[in-house]
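The values are calculated or read from the model by the stated rules, or taken from the named source; none is laboratory data. Just so it is clear, the model here is predicted, and its values are computed rather than measured. Reconstructed Cβ throughout: ideal geometry from the backbone, glycine too, with neighbour counts over all protein chains shown. Only protein heavy atoms, including side chains, enter the accessible area calculation; ligands, DNA and RNA are left aside. Shrake-Rupley method; radii C 1.70, N 1.55, O 1.52, S 1.80 Å.
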Amino acid sequence: MSLLGVTGLRVRSADGRDLVRDLSFAIDPGERLGLIGESGSGKSLTVLAIMGLLPSGMTASGSVVLDPPGTGPSEVVGAPERRLNGLRGRAASVVFQEPLTALDPLMRVGRQLAEPIRRGRGLRGAALRAAVAAALQEVRIAEPGRVARAYPHEISGGQRQRVAIAMALACEPALLIADEPTTALDVTVQAEVLALLGGLVTARGMALLFIGHDLAVVSGITDRVLVLKDGEAVESGTVREIVNAPCHPYTRSLVAGARHLDSALDWTNR
Ligand SMILES: Nc1ncnc2c1ncn2[C@@H]1O[C@H](COP(=O)(O)OP(=O)(O)OP(=O)(O)O)[C@@H](O)[C@H]1O
């Protein structure tokens, strides 16, 4: 059984429009899948449906099953909040595009990172403080003491995204979902955060669902790609297949327009 199995997923708006239609894919433990598509193609709604976090009024149908090692499979669609809370953070965790989504502006960084570590790992006191420092070091925060004492607005955008990544990792999820995690960052910081994410996924043996609109970025960090257009999957395959022999016209336009395509092609020769 896959770690994540999405079958016939449909997301419908409050006014009855189908924003995601008949979407099916699976991710095995340790696998890296990219979900790529233009703005408005339904990528973020797919992520929210997987986490049981759709905005009120929107409904999901079909099936989303999370099956992390050591627990039985759980259906997300229609699950009560209590069951979803047990899955979030442990089975799957999300890093969003805008790190401030994950951070409370009125709470010091160290305290907010401590909360999921305390909940997830049951640590207290000095052991909890040490775990917070270790978590900040793991995401390569240069001055963990200063950053732990800072409020989110007192640190840089790149540091905020590193903290958001540390929070997403706090409960040791089997699947990390990264929803355009570098889009809000400037270009040099983007590359550093991508390298960090890729390294952490490898080091922890996590599976990765990486959402993006830039084929060069997505193909650099994933093994397989699913192409979404207007809420529907139009093509899927390995990075090599998609980059070297795109079938659907939309995928062809993505490949033709991909910036830094050379570096993406280098990745396919790994
Ligand atoms: N809360 C909402 N209410 C109504 N429609 C919404 C809502 N959120 C998203 N949509 C619509 O659903 C469609 C898919 O949106 P979604 O955010 O999943 O796209 P996306 O591929 O993630 O785009 P982007 O790359 O810009 O984030 C879009 O047409 C969008 O306008």
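So for the stretch 77-85 (the condition being on the phi > 0 side of the Ramachandran plot and free of Cβ contacts under 8 Å to residues at least 40 places away in the same chain), does at least one residue qualify? Break it down into steps so the answer makes sense when it comes.
From the stretch 77-85, those on the phi > 0 side of the Ramachandran plot are 78; that's our starting set.
Restricting the remaining residues to those that are free of Cβ contacts under 8 Å to residues at least 40 places away in the same chain gives 78.
Yes, because at least one residue in the stretch 77-85 is on the phi > 0 side of the Ramachandran plot and free of Cβ contacts under 8 Å to residues at least 40 places away in the same chain.
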Any residue at all in the stretch 92-111 that is at pLDDT 95 or above, small (G, A, S) and farther than 28 Å from S61 by Cβ? yes
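Out of curiosity, is P105 within 16 Å of the ligand (Cβ to nearest atom), open to solvent by 30 Å² or more (accessible area, probe 1.4 Å) and in contact with a helix residue (DSSP H, G or I) (Cβ under 8 Å, 6 or more places away or on another chain)? Show your work before the answer.
Numbers: within 16 Å of the ligand (Cβ to nearest atom): no; open to solvent by 30 Å² or more (accessible area, probe 1.4 Å): yes; in contact with a helix residue (DSSP H, G or I) (Cβ under 8 Å, 6 or more places away or on another chain): yes.
For P105, the condition - within 16 Å of the ligand (Cβ to nearest atom), open to solvent by 30 Å² or more (accessible area, probe 1.4 Å) and in contact with a helix residue (DSSP H, G or I) (Cβ under 8 Å, 6 or more places away or on another chain) - is not met.
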Residues in the stretch 34-53 that are open to solvent by less than 40 Å² (accessible area, probe 1.4 Å) and either near the ligand (Cβ under 7 Å from one of its atoms) or not in a strand (DSSP E or B) (or both) total 12
Go through the stretch 18-33 and give me each residue that's closer than 12 Å to L176 by Cβ and of a type in the set (G, A, S). G30
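Within the stretch 65-72, is there a residue that is of a type outside the set (D, E, K, R), more than 15 Å from the chain's Cα centre (by Cα) and within 12 Å of the ligand (Cβ to nearest atom)? Spell out the reasoning first.
Filtering the stretch 65-72 down to residues of a type outside the set (D, E, K, R) leaves 65-66, 68-72.
Among the residues that remain, those that are also more than 15 Å from the chain's Cα centre (by Cα) are: 65, 68-72.
With the extra rule that they be within 12 Å of the ligand (Cβ to nearest atom), the set shrinks to none.
No.
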Take the residues in the stretch 8-33 that are more than 16 Å from the ligand (Cβ to nearest atom) and in contact (Cβ under 8 Å) with a residue 60 or more places away in the chain, then tell me which one is surrounded by the most Cβ atoms within 10 Å (Cβ to Cβ). I27
Residues to consider are A174, A233; find the one that is under 18 Å from A135 (Cα atoms), crowded, with 18+ Cβ neighbours inside 10 Å, modelled with pLDDT of 95 or more and touching a Leu at 6+ places or on another chain (Cβ under 6 Å). A174
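Please work out if L194 is within 19 Å of the chain's Cα centre (by Cα) and at pLDDT 95 or above.
no
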Residue identified as closer than 23 Å to G37 by Cα and either away from the ligand (no atom under 15 Å from the Cβ) or open to solvent by 40 Å² or more (accessible area, probe 1.4 Å) (or both) among L200, L208, L215, L196: L208
Search the stretch 9-33 for residues being in a loop (DSSP other than H, G, I, E, B) and among the acidic types (D, E), and hand back the single one that is nearest to S219 (Cα to Cα). E31
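Yes or no, residue by residue, for (1) under 23 Å from A195 (Cα atoms); (2) of a type in the set (A, V, I, L, M):
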| residue | (1), (2) |
| --- | --- |
| G86 | no, no |
| F96 | yes, no |
| L103 | yes, yes |
| M107 | no, yes |
| P116 | no, no |
| R121 | no, no |
| R129 | no, no |
| E143 | yes, no |
Just one of (1) surrounded by fewer than 21 Cβ atoms within 10 Å (Cβ to Cβ); (2) within 15 Å of the ligand (Cβ to nearest atom); (3) assigned to a helix (DSSP H, G or I) trips up R111, so point out which. (2)
